[in-house]
Amino acid sequence: MSDHRGGALTAAIISALSSFTVGDGEKPSGGGWAGSPEVSAFTPYVVVHPMPGGTAEGTLAAPNVDAAVDYQFTCVGANRAQAEELADDVRAVILAAALTVANREVIHRRLDFLGGAIRDDTVQPAVYMVPDRYRFFTVPA
């Protein structure tokens, strides 16, 4: 049995990012164009995605008590510079934030993948996104 509680860790991460416009697996309310695209202001936003993968480890007596959990933070902007600036700011916050999870301790977090700036033409007008991936290591408190 694992003591890892994915929802609690995700909530702690979203709380740590509350100074940004942040979405829980989807575009947040208030993110994007304020009105007509390319005419109105664009509010950059970050979407937190818990990802498949990760690992559970431990001792012979408790083989799954330590967790390494993967997340993607997709930072979206109206242009490359805006998306990259948001990703830089998110990195600074998430790598330093105190994350509180009941009965767990986040002992380490690691930036596993720098996403680069990707143009997304599936929406019009196109936006840019930076999909960085992180790994969070938690143990029983």
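Every number in this text was worked out from the coordinates using simple rules, so none of it is lab data. Keep in mind that what you see is a predicted model, and the values were worked out from it rather than measured. Backbone-built Cβ (ideal geometry, glycine too); neighbour counts: all protein chains shown.
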*Give the relative contact order (percent, whole number) for region 6-140; include only Cα pairs under 8 Å separated by 6+ residues.*
25
*Helix-only mean residue ellipticity at 222 nm for the chain, each DSSP H run of n ≥ 4 adding -39500 (n - 2.57), per residue, nearest 500*: -6000 deg cm²/dmol
*Could you work out how far helix 80-94 tilts from the main Cα principal axis of the chain, as a 0 to 90 degree angle to the nearest 10?*
30
*State the Cα centre-to-centre distance between region 83-141 and region 1-77 in whole Å.*
7
*Give me V123, V48 ranked fewest to most by other Cβ atoms within 10 Å of their Cβ, as a rough exposure proxy.*
V123, V48
*Out of G54, G116, G35, any idea which swings most in a Gaussian network model of the chain, alpha carbons joined below 10 Å?*
G35
*Give me the number: length gained by fully extending V93 to H49, i.e. 0.36 nm times residue separation minus the C-alpha to C-alpha distance, one decimal in nm.*
14.2 nm
*In the set (i) 1.19; (ii) 0.98; (iii) 1.04, which value of Rg/Rh (Cα atoms, Kirkwood Rh) was calculated from the structure you see?*
(iii)
